[in-house]
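K.L.:
So that we are looking at the same thing, I have put the structure below in structure tokens.
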Amino acid sequence: MDSSSEKKTPASDHDQMPINFSFVLASSVHDMKNSLGMLLNTVAAMVENSPPKDDEQAKFFSTLEYEAARINGELVQLLSLYRMDEKTLVVVIDEHHVVDIIEEQIARNDTLLRSRNIQIKIDCDPDLTWYFDNELIGGVLNNLLVNCARYCRNQLLVRATEENGFLCIAVADDGQGYPEAMLLGPLPQTAVSFSSGNTRLGLLFARKVLELHKSKKGQGYMTIANNGPLGGGVLKLYLP
């Protein structure tokens, strides 16, 4: 029998199914995020049980926690952006005391901030309430605090006020200020820098989260400026 006339077995539907790379990537990111979360908890427990013996060791722990927290934050942002793109992100808008979300994110980074001797001042009316997604805005604020902890000298200011019908949460530092490339208006559009490793992911995430908050007054937005109240940069989040 001629081998060329043999009937070939067709590939199964499973074999022909194209790979959804976005889904695979998102699943991998989710697993990495969980592992990194466990690492962060382990580092925090290690520092609490065995405090640094000198400044050099304290700096080592500080760097370890900062980098782990930064990567964990970026993984969470990537997952959230993926879900936004897939229209599967659940946004839960509810009323919250603004000072609670600020204090929660500061407490979340307590070890990092203390190890870097950073003093934080909160300027917020304890009775100030607003409607927003607590998890998403908390993620944006957490990312700001982690980044500011790297670039400030030793002071941060988180101020929340009502401005023209919008809630304004401003994070100011006493550092050297934001690069000129970032001072392009309310919606920064800057290039990725592979030399510095800065993908501007945090800015993209913050912008997308703010845009999810809408009302008859408009939608959320942010601004970036220098010469803030502490002499350095100041980033403001506006929620309608």
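K.L.:
Please give the contour-minus-distance gain from residue 119 to residue 63: 0.36 nm per residue of separation, less the Cα-Cα distance, rounded to one decimal in nm.
P.N.:
Numbers: separation 56, 0.36 × 56 = 20.16 nm, distance 1.77 nm.
Going from the current span to full extension adds 18.4 nm.
K.L.:
Also: In whole Å, what is the distance between the alpha-carbon centres of region 25-98 and region 218-240?
P.N.:
Cα centroid to Cα centroid, the span is 24 Å.
K.L.:
Right, another one. Starting from the Cα-Cα distance between residue 100 and residue 56, subtract it from 0.36 nm times their residue separation and give me the gain in nm to one decimal.
P.N.:
12.5 nm
K.L.:
If R0 is 30 Å, what FRET efficiency do you get for residue 27 and residue 211 from their C-beta distance, rounded to 0.05?
P.N.:
For R0 = 30 Å, the calculated efficiency reads 0.70.
K.L.:
Take each of the peptides 210-217, 227-234, average the number of other beta-carbon atoms within 10 Å over its residues, and list them starting from the highest.
P.N.:
The peptides rank, most packed first, as 227-234, 210-217.
K.L.:
Another question, if that's okay. Which aspartates and glutamates have a Cα lying under 14 Å from the Cα of residue 53, excluding residues fewer than 8 positions away in the same chain?
P.N.:
Qualifying aspartates and glutamates at Cα under 14 Å: none.
K.L.:
If you don't mind, another one. Please tell me which of these pairs span more than 32 angstrom C-alpha to C-alpha: 216/236; 121/217; 33/87; 59/214; 121/214?
P.N.:
Too far apart for the 32 Å limit: 59/214.
K.L.:
What is the gain in length, in nm to one decimal, between residue 180 and residue 87 on full extension, counting 0.36 nm per residue of separation less the C-alpha to C-alpha distance?
P.N.:
30.1 nm
K.L.:
Please give the residues of region 92-106, grouped as numeric ranges, whose backbone N is less than 19 Å from a label point set 7 Å along the Cα-to-Cβ vector of residue 128.
P.N.:
Those under the cut-off are 94-106.
K.L.:
Distance in nm between label sites at residue 35 and residue 135, each 7 Å beyond Cα in the beta-carbon direction?
P.N.:
2.3
Quick note: the coordinates plus some simple rules give every number you see, no bench work behind them. It should be emphasised that the depicted structure is a prediction, and the values quoted were computed from it without experimental measurement. Because the Cβ atoms are built from the backbone with ideal geometry, glycine has one as well, and the counts that use them run over all protein chains shown.
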